[in-house]
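The values are calculated or read from the model by the stated rules, or taken from the named source; none is laboratory data. Owing to the predicted nature of the structure, the values given are computational and were not obtained by experimental measurement. Cβ placement follows ideal geometry from the backbone for every residue including glycine, while neighbour counts extend to all protein chains displayed.
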Amino acid sequence: MRPSLLILVAAAVAHGLAADGVAQTGSMHHIRLGYDEGLVSPVNRPDAKVAFELWARMVVARTRGAQRLDVIPYKGVAAMLEDIRTKQLDLVAMSPVDCLWSDKHYHLTPALAFDSGGEASDIYVLLVRRDAGISEVAELRDKSLLTLPGERGRISGLWLDVLLMRGGLPEGAAYLRAVTASPNASRAAMSVFFRQADACIATKAAFDAIGELNPQLKRQLRPLVSSPRLLSMIVCLTENADESDREGILENALNMHRSPEGRQVLALLKTEKVVAAQARDLEPLESLVKEHDQRRAQLAARSG
């Protein structure tokens, strides 16, 4: 996003908060939000930091008068977990894969996710050309595949690996000729459309949106297989989060899309609204991760 537009959105948010009377004097309540930079692609990380800061400022600003807010990016989950352990963070935006393990050890409470077609999770589709002669996943051998950037690429890659290993085949990186991250779903789909790649992975919501803008592309590409709904990002409350803040944080986040400045900030985060997330939303991903690990171990045992 252009820096000038980020500045305009930041100014609009600051004006909106001041107009609501949240720029107060008095004792400052300190809230800390940490997020894993790996959630977004490297090229989008500067914008993501600004967007997370604006989002967090709106979420916490009205919880208990004037707030002091720190938004901390982490290069990987290890340092974040250490700060959770030492009670340095109140909220964390992290990979749901990391959350599955961390929740058992750090007592995180899943709370929020970004909307994807009215849900807290994504359906992934593996797209090929209708005339490519590919009718099943096994026929991707020595083909080129474009994946999504960031955490969606990681999670959809686990799903593809499981699809292959269910047939006794190697994981994607070993079975396909090339697996490359594309900047976004639209560019990946266009590459398959113009035969620059054999297949790509996109979210169903993105493919539907692309199809509305380009009906010809929608007619030429088809989903070879679809995934169950899988979370790609989750915001959790830590044990350190003040009980009196929790209700306000959740209420502000869930209603952010109702204000013009809130919608502007959410647009920076590539979503229309924030939705509630619960532990059960992690269950399909947990099943996928367990199956991935089990099948990888079985393949290693056979090859050994």
Assess whether R154 counts as being at pLDDT 95 or above, of a type in the set (K, R), on the phi < 0 side of the Ramachandran plot and not assigned by TED's automatic domain parsing to the domain that holds T109.
-> no
The stretch 204-234, subset among the β-branched types (V, I, T) and in contact (Cβ under 8 Å) with a residue 60 or more places away in the chain, residue farthest from I134 (Cα to Cα) | I234
So is L224 within 25 Å of L146 (Cβ to Cβ) and in the same structural domain as E37 (by TED's automatic domain parsing) or not?
-> no
Based on what the data block shows, is L91 outside the structural domain of T203 (by TED's automatic domain parsing) and in contact with a strand residue (DSSP E or B) (Cβ under 6 Å, 6 or more places away or on another chain)?
-> yes
Would you mind stating whether S227 is at pLDDT 90 or above, out of contact with any strand residue (DSSP E or B) (no Cβ under 7 Å at 6 or more places or on another chain) and among the small types (G, A, S)?
-> no
Complete set of residues in the stretch 198-248 that are within 20 Å of the chain's Cα centre (by Cα) and within 15 Å of P110 (Cα to Cα) = L230, L231, S232, M233, I234, V235, C236, L237, T238
